[in-house]
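Step one of this worksheet: look at the structure below.
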Amino acid sequence: MSLSNPAALEFLQVRRSRPAKTLIAPAPSREELLPLLTAAARSPDHGKLEPWRFIVLEKGAMARLSELTQDCGDALGRSPDDITKARSQFDLGQLAVAVIEVQKPSDKIPAIEQTYSAGAVCLALLNAALAAGWGANWLSGWQTHDQGFCRKAFDLKDNERVAGLIHIATESNTPPERPRPDVATLTEWVSE
């Protein structure tokens with residue numbers, strides 16, 4: 001039985017994230033988002049630890065996160081430009097899924113593999129959203145790497161961190177293609 005899926009391969013070869021600032025309402029409903037989360041949850045997960053979880057940030061949560069970014073940036077002495085840029089994903093955001101890496105104790109599965117699994121979930125969610133016809137972008141930012149912000153914003157525990165914020169909404173315009181890596185120069189073939 002062949003699992004060949006040329007349409008999926010073609011999609012992956014031409015997929016393109018959409019700039020978060022170009023995403024507008026509507027965003028997916030809860031019913032429309034669940035299949036995307038289900039697809040993302042099928043990511044590689046050595047040991048079946050599920051070292052990640054989802055926090056869906058609906059439009060109503062965005063203002064709170066923007067203000068929290070301002071407060072955190074002020075407390076950290078960030079420049080006004082840094083704060084404004086970090087706030088923009090919440091000021092403009094319609095819906096985002098925070099993919100939370102959850103490090104789980106394991107004698108067999110190294111922490112780095114759990115991190116990779118959380119990253120794979122981010123990419124799978126991004127691609128699922130794009131394949132479903134939504135505009136989507138994977139963002140982070142200095143605030144998502146700040147433990148104080150993450151505790152206040154998402155109630156994260158010591159073994160948790162933000163792997164990414166996947167913004168999903170309606171694409172307002174198609175961005176131009178950008179230069180892509182030259183795979184030939186990045187690939188080494190080993191025969192012996």
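The values are calculated or read from the model by the stated rules, or taken from the named source; none is laboratory data. Just so it is clear, the model here is predicted, and its values are computed rather than measured. Reconstructed Cβ throughout: ideal geometry from the backbone, glycine too, with neighbour counts over all protein chains shown. These accessible areas exclude ligands, DNA and RNA; they are computed on the full protein's heavy atoms, side chains included. Shrake-Rupley method; radii C 1.70, N 1.55, O 1.52, S 1.80 Å.
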Qualifying position, being at pLDDT 95 or above and in contact with a strand residue (DSSP E or B) (Cβ under 8 Å, 6 or more places away or on another chain), among Glu101, Glu113
Glu101
Residues satisfying the stated conditions in region 74-115, i.e. in a helix (DSSP H, G or I) and touching a residue at least 24 places away in the same chain (Cβ under 8 Å):
Ala75, Leu76, Asp82, Lys85, Ala86, Ser88, Gln89, Phe90, Asp91, Glu113, Gln114, Thr115
Flag for Val97 being closer than 26 Å to Leu34 by Cα, open to solvent by less than 60 Å² (accessible area, probe 1.4 Å), β-branched (Val, Ile, Thr) and touching an Asp or Glu at 6+ places or on another chain (Cβ under 9 Å)
no
Apart from one, (1) free of Cβ contacts under 8 Å to residues at least 12 places away in the same chain; (2) assigned to a helix (DSSP H, G or I) all hold for Ala128; the odd one out is (1)
Taking the condition of a type in the set (Val, Ile, Thr), in a loop (DSSP other than H, G, I, E, B) and either modelled with pLDDT of 95 or more or under 18 Å from the mean Cα position of the chain (by Cα) (or both), does Val162 pass?
no
Would you check if Thr22 is surrounded by fewer than 13 Cβ atoms within 10 Å (Cβ to Cβ), β-branched (Val, Ile, Thr) and closer than 18 Å to Leu130 by Cβ?
no
Find all pairs meeting these conditions: Cβ atoms under 6 angstrom apart; at least six residues apart or on different chains; first residue within region 44-63 and among the aliphatic types (A, V, I, L, M); second residue open to solvent by 50 Å² or more (accessible area, probe 1.4 Å).
Leu49/Lys104
